[in-house]
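Here's the structure, in structure tokens; my notes come after.
The values are calculated or read from the model by the stated rules, or taken from the named source; none is laboratory data. Bear in mind the structure is a predicted one, so any value in this text is a computation, not a measurement. Counting neighbours? That spans all protein chains shown, and the Cβs are built from the backbone with ideal geometry, glycine included. Side chains included, ligands, DNA and RNA excluded: accessible areas come from the protein's heavy atoms. Shrake-Rupley method; radii C 1.70, N 1.55, O 1.52, S 1.80 Å.
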Amino acid sequence: MLSIVATPIGNLEDITLRAINVLSNADLVLAEDTRVTKVLLDRYNIKKEILSYHQYSGFKKIDHIIELLKRGKNLALVTDAGTPGINDPGNYLVSEALRAVPNLKIVPIPGPNAAIAALSISGFPKDSFVFLGFPPHKKGRQTFFKKISEIDSIIVFYESKHRILKALENLEKFSKIGDKQMVIARELTKQFETIYRGTLAEIKPRLTDKNLLGEFVVVINKK
Ligand code: SAM
């Protein structure tokens, strides 16, 4: 069995009882960064072997994990934050594991996700939205932002502290969002959680350099 376990996006208390149970009962925890996961497991006094599994893990590592699954081991996959596979490692392992062991039981253990958390406090109608993940760093970035102007729906995307200002400039230049309302959610669930609301023109000056630490979710309303 392979459990895909969502973990906190900042505040370590954001974990479900089921996630704690599953992690406590797993034979092995697969983690994107073993140090990050160790902090979480220590917080809940879960003593488990942790094996690193990240986007650069080679075929040998995947073969080893598949071998463990074939032997009936009970594995739990976590990433550094939120729901595994949503813009972090996990998808490839799930698809490879399914290919190798077609009747494998893969169980979702739902929990935090940064995009959904940001949407939940946006106040925008959420019956439908488009999630775009991260804008490309270089090639395709302009196209990403141009496409935004064609999407007639609520848009959500992730951006890092290194490129959030650039993203706002790109939105201004290529996306023609005009005076659509936006929410930029920074450091959700953490000590310096900040929610910026308003139009692009209103928010941009507030994201001064000193605010730029942290992780960001950008939400743009429909109209
Ligand atoms: N799997 C994660 C999830 O379920 O949300 C997303 C992983 S992705 C590698 C990391 C990005 O998610 C960050 O760069 C940021 O855009 C967003 N993110 C994660 N945690 C966040 C937080 N606490 N506050 C705001 N954005 C966050």
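How large is the charge dipole for the chain, taken about the Cα centre, if only the Cβ atoms of Lys, Arg (+1) and Asp, Glu (-1) carry charge, to the nearest 20 debye?
On the way: 33 positive and 24 negative charges, 86 e Å.
The dipole of the chain has a size of about 420 debye.
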Study note, to complete from the structure: Farthest towards the positive end of the dipole of the chain, among L200, L28, I121 and with Cβ unit charges of +1 on Lys and Arg and -1 on Asp and Glu, lies the Cα of L200
Practice item. Return the percentage of antiparallel bridges among DSSP beta bridges fully within the chain, rounded to the nearest 5 %. Key: 50 percent
Revision key, fill the gap. In Å, the Kirkwood hydrodynamic radius from C-alpha pairs for region 2-109 sits at 13.7 Å
Check your understanding: Expressed as a whole percentage, what fraction of the accessible surface of region 107-223 belongs to carbon and sulfur atoms when a 1.4 Å probe is rolled over the protein heavy atoms?
Key -> 55 percent
Point to revise | Of N45, G58, L93, farthest towards positive along the dipole that unit charges on Lys, Arg, Asp, Glu beta carbons give region 20-93 | key: N45
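Using just the helices of the chain, give the 222 nm mean residue ellipticity in deg cm²/dmol: DSSP H runs with n ≥ 4 each add -39,500 (n - 2.57), and the total is spread over all residues, rounded to 500. Write down the numbers at each step before the final one.
On the way: 8 runs with 67 residues, N = 223.
It lands at -8000 deg cm²/dmol.
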Review point. Accessible area of I116, 1.4 Å probe, to the nearest 10 Å²?
Key: 90 Å²
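Take V156, V107 and sort them by solvent-accessible surface of the protein heavy atoms, 1.4 Å probe, largest at the top.
Numbers: V156 0, V107 25 Å².
My answer, sorted largest first, is V107, V156.
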Exercise for review: Taking the Cα centre of region 114-220 as origin, sum charge times position over the Cβ atoms of Lys and Arg (+1) and Asp and Glu (-1), and report the length of that vector in debye to the nearest 20.
Suggested key: 400 debye
Check your understanding: Longest span of the chain, sites excluded, free of chymotrypsin sites (Phe, Trp or Tyr not before Pro) in DSSP loop with at most 11 other C-beta atoms within 10 Å?
Key -> 57-191
Revision key, fill the gap. In debye to the nearest 20, the charge dipole size for region 2-109, taken about the Cα centre with +1 at each Lys and Arg Cβ and -1 at each Asp and Glu Cβ, equals 380 debye
Practice item. Let me know the shape class of region 152-202, please: from the alpha-carbon gyration tensor, a ≥ b ≥ c as square roots of the eigenvalues, rounded when a/c is under 1.5, otherwise prolate if a/b is greater than b/c, or oblate. Key: prolate
Check your understanding: Taking square-rooted eigenvalues a ≥ b ≥ c of the alpha carbon gyration tensor, is region 114-220 rounded, prolate or oblate, where a/c under 1.5 means rounded and, failing that, a/b exceeding b/c means prolate?
Key -> rounded
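Please identify the GluC sites (Glu not before Pro) of region 1-77 that satisfy two criteria: DSSP loop assignment and at most 10 other Cβ atoms within 10 Å. Which are they?
E13, E49
Once you've got the Cα coordinates, tell me which of K173/K223; K173/K222; K38/K166; K147/K210; K38/K161; K161/K223 are over 28 Å apart. It would help to have the intermediate numbers written out before the result.
Details: K173/K223 18 Å; K173/K222 18 Å; K38/K166 34 Å; K147/K210 30 Å; K38/K161 25 Å; K161/K223 26 Å.
Violating the 28 Å limit, Cα to Cα: K38/K166; K147/K210.
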Revision key, fill the gap. Ranked by GNM mean-square fluctuation in the chain (Cα springs under 10 Å), the top entry among K48, K138, K147 is K138
